[in-house]
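S.K.: Have a look at this one before I ask anything.
The values are calculated or read from the model by the stated rules, or taken from the named source; none is laboratory data. Not measured: the values here are computed from a predicted model. No Cβ is skipped: glycine too gets one built from the backbone with ideal geometry, and neighbour counts run over all protein chains shown. When the accessible area is computed, the model is the full protein with side chains, heavy atoms only, and any ligands, DNA or RNA have been set aside. Shrake-Rupley method; radii C 1.70, N 1.55, O 1.52, S 1.80 Å.
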Amino acid sequence: MIGMRVLLMLLALYNPFLSHGFLLSLEESNSAVKETGWMPRHIVAKDESGTVVGVVPLYLKSHSYGEFVFDHSWADAYYSYGSRYYPKYQCCVPFTPVTSPRILLRDSLYKDQVFDIVVDALKYLVAKSQVSSVHITFSSENERQNLKEKGFLQRIGMQYHWTNRNYTCFDDFLMDMKQNKRKNICQERKKAKHWDSFYTFYRNTTDNMWGSPYLTREFFHNMGSKMGDQVLLVVAEEGDELVVGALNLIGGDTIYGRLGAVTRKLIIPAYILKLVITSPSYANEKFPIKEFTVELQKQRKEEVAIEAAIELNLKTVEAGAQGEHKIQRGYMPVPTYSCHYLLDEEFSKAIEEFVVREATQMITVDAQRLPSYFRYLFDRTSFRNAL
């Protein structure tokens, strides 16, 4: 398994999901292992002296679940022509739709050359292993441009992120919003009130909605013990019973909204939420526990993350995959990128046509050089002043 010190050294802007603690927890808990369709095949590049100069988190996969960049139709097309799409290589953080570098490089004079060598090695690995493809999902924009030059197909997705515009408190944020949006949030907020409980929430949600609970109970305990300083857990209770949980991680200047789950379908309008931060330094010094009540709906966990970001003086909240409704909570659309290399040239051309058609709704059409669909979303922002 990749060493923590190596990862932190190679990654210029620290991301908690690329930490040794997170990746190791996925494997030690049997969440991302061969038996669940995630066979670790991490690449470690070394120079002649044995110094690590590059690391790639890589998995050999037998399915497309847990990636958040959907290619099931590609697999169907392969099978309809008698070809095999799986196994495939996936360069990503399992179950985690967070943008960050995927080819982690030591900062040196030879950084660009190492990148080229690593990418060529990935393409060689596809051919040698006789798999269909390699997919680099939620890559950085810089990687996207470089991978395009190396023959990778480009695909654009979308997420919603909240940015701290130098707010000193949550009320400052509310005053920055349009009156009708501010009024809606104010009407919802009234008064604000663990790992085993959260796993119960998670299993209930996956059983009812997703069907595949890849993360195990041991993963949450393991991650909590290894990453305590970076975990922000929000729970809600009905009476004395915990009924809702939302898991966030803190890395650098960002809160990453990761998982939200419930024990059952809830219909009573209001529940007590309590912020539970496993890091004593956060809880005691930076973020004393506050209590308030919010109406329980899916998007409310993102509102709590915003308040936590303001209190902790953090810059951004990344709310994860999907969810256009997040615009109403003050989140803004942000593009995400994935890059795909397919060994079969005919299929590669067909899928290239597909991703081009898919991206037509995001083509630049105005003076601000914002893609058309993103322009549409920006026009629906909740803020009084245009960004």
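S.K.: For region 46-116, what relative contact order do you get, as a whole percent, if you take Cα pairs closer than 8 Å and at least 6 residues apart?
M.R.: 41 percent.
S.K.: What does the charge count around Glu358 come to, taking other residues whose C-beta lies under 12 Å from its C-beta (Lys +1, Arg +1, Asp -1, Glu -1)?
M.R.: For residues surrounding Glu358, the net value is -1.
S.K.: Here is a follow-up. Local charge sum around Pro94 (other residues, Cβ-Cβ under 11 Å, Lys/Arg +1, Asp/Glu -1)?
M.R.: -1
S.K.: Ignoring ligands, DNA and RNA, how do Ile327, Ile156 rank by accessible area with a 1.4 Å probe, largest first?
M.R.: Ile156, Ile327
S.K.: In a shell of Cβ-Cβ distance under 12 Å around Glu28, excluding Glu28 itself, what net charge do Lys and Arg (+1) and Asp and Glu (-1) give?
M.R.: -1
S.K.: Set the bar at 19 Å for Cα to Cα. Now go through Lys181/Lys315; Lys61/Lys128; Lys150/Lys349 and name every pair that lies beyond it.
M.R.: Over 19 Å apart, Cα to Cα: Lys181/Lys315.
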